[in-house]
Amino acid sequence: LIDAERQGELGSGTITLVVSNKKSAYGLTRAAEASIPTHVRTLKEYKDAGKTREDFDRELAEYIEESQHPDLIVLAGWMHILSSAFVDRFRGKIINLHPALPGELDGAHAIDRAYSEFKAGERTKTGVMVHFVIPEVDKGKPILTQDIPCVEGDSLEDLENRIHVVEHEILPKAVKLVLEDNLSAA
């Protein structure tokens, strides 16, 4: 997304903050190199303090709302399932990148599961989608999707690489669509 913004591919979109729940996330490094503010907040810190996942989500939502007033929140590489304490605060303003087609392989490890199903003869394609976020994991309204064939002789790494290429193409397009065409989650 940082590269897409530099190349004008996000339209009116500007990245104002990169948030991670992992201190070692590469996105933090990329953001710092691009002079984009970053924020790290880990669930472990909350758990260690006797707080809940909902506390984490609610306080993160408060921080983002108060510091940024975002038009759009993009979950790219965010692997923490957000509770309604976060999602409800920004309903219709959160999109997620998921390496599977709508209704297929919801949740974590979608690429691994697609590859296993392919090797078992149960699928010939997988895909990528960008969708609006709702409390149900990977069930929000799709914004963009793209099929990706499973190719005989592929290793898991080959499939992952093809998926990542498509992810880098489709996510900026989805951001631009949502921001400029006023797409709604309804």
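Using a ≥ b ≥ c from the Cα gyration tensor of the range 1-116 (square roots of the eigenvalues), is it rounded, prolate or oblate, where a/c under 1.5 gives rounded and otherwise the larger of a/b and b/c decides, a/b for prolate?
Cα axes put the range 1-116 in the rounded bin.
Find out how many positive minus negative residues lie around Leu144, taking Lys and Arg as positive, Asp and Glu as negative, among other residues whose Cβ is under 14 Å from that of Leu144.
-3
For the range 37-87, build the charge dipole from Cβ charges (+1 Lys, Arg; -1 Asp, Glu) around the Cα centre, then report which of His80, Tyr63, Thr38 sits farthest towards its positive end.
His80
With a ≥ b ≥ c the root eigenvalues of the C-alpha gyration tensor of the range 39-105, is it rounded (a/c under 1.5), prolate (a/b larger than b/c) or oblate?
Oblate, because a/c is 1.5 or more while a/b does not exceed b/c.
Tell me the net charge near Glu160. Cut-off is 12 Å between Cβ atoms, Glu160 excluded, with +1 for each Lys or Arg and -1 for each Asp or Glu.
-4
For the chain, give the magnitude of the charge dipole about the Cα centre (Cβ charges: +1 Lys/Arg, -1 Asp/Glu; no others), in debye to the nearest 20. Each step should come with its number before you reach the end.
Details: 22 positive and 32 negative charges, 67 e Å.
Roughly 320 debye, rounded to the nearest 20.
Rounded, prolate or oblate for the range 19-71? Axes are the square roots of the Cα gyration tensor eigenvalues, ordered a ≥ b ≥ c, and the cut-off for rounded is a/c under 1.5.
Since a/c reaches 1.5 but b/c is at least a/b, the shape of the range 19-71 is classed as oblate.
Summing Lys, Arg as +1 and Asp, Glu as -1, what charge do residues with Cβ under 15 Å from the Cβ of Gln7 carry, Gln7 excluded?
Details: positive: Arg6, Arg30, Lys173, Lys176; negative: Asp3, Glu5, Glu9, Glu169.
Computed value for this residue: 0.
Please give the calculated 222 nm ellipticity per residue for the chain, where each DSSP H segment of at least 4 residues contributes -39500 (n - 2.57) and the sum is spread over every residue; nearest 500 deg cm²/dmol?
Values: 7 runs with 75 residues, N = 186.
So the helix-based figure for the chain works out to -12000 deg cm²/dmol.
When only Cα pairs under 8 Å and 6 or more residues apart are kept, what is the percent relative contact order across the range 1-97?
21 percent
Values quoted throughout were computed directly from the atomic coordinates according to the rules given, and no laboratory measurement underlies them. Note that the structure is a prediction, hence the values are computed from the model and not measured. Please note: Cβ atoms are built from the backbone with ideal geometry, for glycine as well, and neighbour counts cover all protein chains shown.
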